[in-house]
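K.L.:
To start, I am sharing the structure in question, which I have written as structure tokens.
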Amino acid sequence: MLIGYARVSTDGQSLDAQVAELTAAGCGKIMQETASGAKTERQQLKKAIDLLTAGDVLVVTRLDRLARSTRDLLNTLHTIAKADAGFRSLRDVWADTTTAHGRLMVTILSGLAEFERELIRTRTSEGRARAKGRGVKLGRAYKLTPEQRRQALARLEAGEPSREIALTFNVAHTTIGRLKP
């Protein structure tokens, strides 16, 4: 079965043209939605994907009706593939997972997205290493200043309970407990 998905971004736009195209393409059911493409949680898209069974095809008029980014597109296509269903865009003929050529294009896009994620991961690691080399402390800021830590440790060594020390510095007693050498 062909299941159509039509989406517009604002109330002022009309779904009529998309619905007509999807109907002409043979879609038995068409889910319609007015929602921003930037939103990943779109109720009618979720319903359309939930309707898919093995051999069904989700059809859109253009790719931008389905996804705003390559990552979003690949995530959606993965969800569709888990249902043993296919995907087809009427105007983007290369985006058709029911054909060998379409699957090849999606595979290439997936590879490029994975490559880009690896580049980002590498650049991030290198940037963190450079920052550490410059003495930048990464992670969450300390609750206590170095002077407050010194005072709290001295009070701990003098036998004062960590809960009382914590109250004076307005922190949790576990913060004081972690100061113990």
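The values are calculated or read from the model by the stated rules, or taken from the named source; none is laboratory data. Here the structure is a predicted model, which is why all the values come from computation and not from measurement. Neighbour counts run over all protein chains shown; Cβ positions are idealised from the backbone, glycine included.
K.L.:
Based on this model, can you work out whether R71 counts as within 25 Å of R117 (Cβ to Cβ) and basic (K, R)?
P.N.:
In short, yes.
K.L.:
Could you please give the count of residues in the range 87-119 that are of a type in the set (G, A, S) and within 22 Å of the chain's Cα centre (by Cα)? Talk me through it step by step, then tell me what you get.
P.N.:
Within the range 87-119, the first condition is being of a type in the set (G, A, S), and the residues that meet it are 89, 95, 100, 102, 110-111, 113.
Narrowing further to those that are within 22 Å of the chain's Cα centre (by Cα): 95, 110-111, 113.
The total comes to 4.
K.L.:
Here's a check for you: in the range 162-181, which residue that is assigned to a loop (DSSP other than H, G, I, E, B) and of a type in the set (A, V, I, L, M, F, W, C) is surrounded by the fewest Cβ atoms within 10 Å (Cβ to Cβ)? First the steps, then the outcome.
P.N.:
If we filter the range 162-181 for residues that are assigned to a loop (DSSP other than H, G, I, E, B), which is where we start, we get 170-172, 178-181.
After this cut, where a residue has to be of a type in the set (A, V, I, L, M, F, W, C) as well, the list is 171-172, 179.
Values: V171: 15, A172: 13, L179: 16.
Only one residue fits best here, namely A172.
K.L.:
Give G139, G135 a once-over and let me know the one that is within 31 Å of the chain's Cα centre (by Cα) and exposed (fewer than 10 other Cβ atoms within 10 Å of the Cβ). Don't jump to the end; show me each part of the working.
P.N.:
Working: G135 fails: within 31 Å of the chain's Cα centre (by Cα).
Being within 31 Å of the chain's Cα centre (by Cα) and exposed (fewer than 10 other Cβ atoms within 10 Å of the Cβ) holds for just one of G139, G135, which is G139.
K.L.:
Still on this model: Where in the range 1-101 are the strands (runs of 3 or more DSSP E), entirely inside, with at least 2 residues that are in contact with a Phe, Trp or Tyr (Cβ under 6 Å, 6 or more places away or on another chain) and touching a residue at least 12 places away in the same chain (Cβ under 8 Å)?
P.N.:
57-60
K.L.:
Take the range 156-176 and flag every residue that is among the charged types (D, E, K, R) and under 17 Å from K143 (Cα atoms).
P.N.:
R163, E164
K.L.:
Also, quick follow-up: Select from the range 17-72 the residues that are more than 26 Å from S110 (Cβ to Cβ), out of contact with any strand residue (DSSP E or B) (no Cβ under 6 Å at 6 or more places or on another chain) and of a type in the set (A, V, I, L, M, F, W, C) and list them in ascending order.
P.N.:
If the condition is that a residue be more than 26 Å from S110 (Cβ to Cβ), out of contact with any strand residue (DSSP E or B) (no Cβ under 6 Å at 6 or more places or on another chain) and of a type in the set (A, V, I, L, M, F, W, C), then A17, A20, A24 are the ones that fit.
K.L.:
Another one. Mind checking which residues of the range 75-110 are basic (K, R), surrounded by 12 or more Cβ atoms within 10 Å (Cβ to Cβ) and farther than 21 Å from L22 by Cβ?
P.N.:
Quick first cut of the range 75-110, residues basic (K, R) only: 82, 88, 91, 103.
Narrowing the set further to residues that are surrounded by 12 or more Cβ atoms within 10 Å (Cβ to Cβ) leaves 88, 91, 103.
Scanning the range 75-110 gives a single hit, R103.
K.L.:
Is there a residue being over 30 Å from T53 (Cα atoms), surrounded by 11 or more Cβ atoms within 10 Å (Cβ to Cβ), out of contact with any Asp or Glu (no Cβ under 6 Å at 6 or more places or on another chain) and not assigned by TED's automatic domain parsing to the domain that holds L52 anywhere in the range 111-123?
P.N.:
Yes, the range 111-123 has at least one match.
K.L.:
Continuing with this model, one more query. Which one of the conditions (1) part of a loop (DSSP other than H, G, I, E, B); (2) modelled with pLDDT of 90 or more; (3) assigned by TED's automatic domain parsing to the domain that holds G55 does G159 fail to meet, given that it meets all the rest?
P.N.:
(3)
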